[in-house]
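A short worksheet on the structure shown next.
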Amino acid sequence: MYARAAVDRDQAYRGGLRRRLDFFHASSKGRPTVAYIHGGYWQTNEKEPNAFVAEGLLAHDLNVALIEYTLAPAASVSGIVAEIRAAIAWLVARLQPELGASRRLVVAGHSAGGHLTAMAAGQPGVSGALPISGLFDLEPIRLSYLNAPLKMDLEEAGANSPIKLKFPPVPMSVAVGAAELPELVRQSEDYVAA
């Protein structure tokens, strides 16, 4: 995908090795942007293997930003949420003046990226959100083996559980695959119901 698109690679939105994003330019100027956040239980993955997401969006003449973040255990969930919010603020400040995009910014992500999407949806400048198979209540994660590198306590899990927070004032579509893990399906259904 990188060889076939106009892309600004490894744009640092904050100091640090993984605090960077790739910005794929739409064919036309002044188009909306989709910021995509990868999953991996906040512990694995990189932006590059998720470049396939850009292909379909670019075909619809949309800009795409692939966001990367520091992984646990090097960062806590609260620290990762702060990084994503910094990435969104970086994008919002640059969409029109530097990147040639419109002000419309939709945040999307899968799994842990779906969680981070919901946590970023209320940020200034975000027009809409699409969390996909997200984690919206972190208490089950806190009580599982997945918490070993995250080291979340009860307070941090609650403070970073979108279902327990004020819902963002932007349009949001919550998507989940029918064959996803039952917990992801349950959490998506609960979040929509709330």
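Scanning region 60-86 for residues that are touching a residue at least 60 places away in the same chain (Cβ under 8 Å) and of a type outside the set (Asp, Glu) returns ALA72, PRO73, SER76, VAL77, SER78, VAL81, ALA86. Going through SER111, SER144 one at a time, which residue ends up being of a type outside the set (Asp, Glu), surrounded by fewer than 24 Cβ atoms within 10 Å (Cβ to Cβ) and under 18 Å from TYR191 (Cβ atoms)? Every option except SER111 fails the conditions.
Okay, residues lined up against (1) closer than 18 Å to ILE80 by Cα; (2) among the small types (Gly, Ala, Ser):
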position	(1), (2)
VAL107	yes, no
ALA112	yes, yes
GLY125	no, yes
PRO131	yes, no
PRO149	yes, no
SER161	yes, yes
ARG186	no, no
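Counting the residues of region 147-167 that are closer than 19 Å to GLY109 by Cα and open to solvent by 30 Å² or more (accessible area, probe 1.4 Å) gives 3.
Residues are listed down the side, and each one gets a yes or a no for (1) in contact with a Ser or Thr (Cβ under 8 Å, 6 or more places away or on another chain); (2) touching a residue at least 24 places away in the same chain (Cβ under 8 Å); (3) farther than 19 Å from ALA112 by Cβ; (4) among the aliphatic types (A, V, I, L, M):
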{"residue": "ASP10", "(1), (2), (3), (4)": "no, no, yes, no"}
{"residue": "PHE24", "(1), (2), (3), (4)": "no, yes, yes, no"}
{"residue": "TRP42", "(1), (2), (3), (4)": "no, yes, no, no"}
{"residue": "ALA51", "(1), (2), (3), (4)": "no, yes, no, yes"}
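Among the helices (runs of 4 or more DSSP H) confined to region 87-161, the ones with at least 2 residues that are charged (D, E, K, R) are located at 139-142, 154-159.
Restrict the check to region 93-104 and report whether at least one residue is over 9 Å from the mean Cα position of the chain (by Cα), modelled with pLDDT of 95 or more, closer than 26 Å to VAL176 by Cβ and open to solvent by less than 50 Å² (accessible area, probe 1.4 Å). No; the residues of region 93-104 include none that is over 9 Å from the mean Cα position of the chain (by Cα), modelled with pLDDT of 95 or more, closer than 26 Å to VAL176 by Cβ and open to solvent by less than 50 Å² (accessible area, probe 1.4 Å). Looking only at residues in region 1-36 that are within 19 Å of PRO49 (Cα to Cα) and small (Gly, Ala, Ser), the one that is most open to solvent (accessible area, probe 1.4 Å) is ALA3. Being free of Cβ contacts under 8 Å to residues at least 40 places away in the same chain, part of a helix (DSSP H, G or I), buried (at least 18 other Cβ atoms within 10 Å of the Cβ) and not acidic (Asp, Glu) is a description that applies to LEU57.
The values are calculated or read from the model by the stated rules, or taken from the named source; none is laboratory data. Note that the structure is a prediction, hence the values are computed from the model and not measured. All Cβ positions, glycine included, derive from the backbone under ideal geometry; neighbour counts span all protein chains shown. The area values use the complete protein model at the heavy-atom level, side chains included, leaving out ligands, DNA and RNA. Shrake-Rupley method; radii C 1.70, N 1.55, O 1.52, S 1.80 Å.
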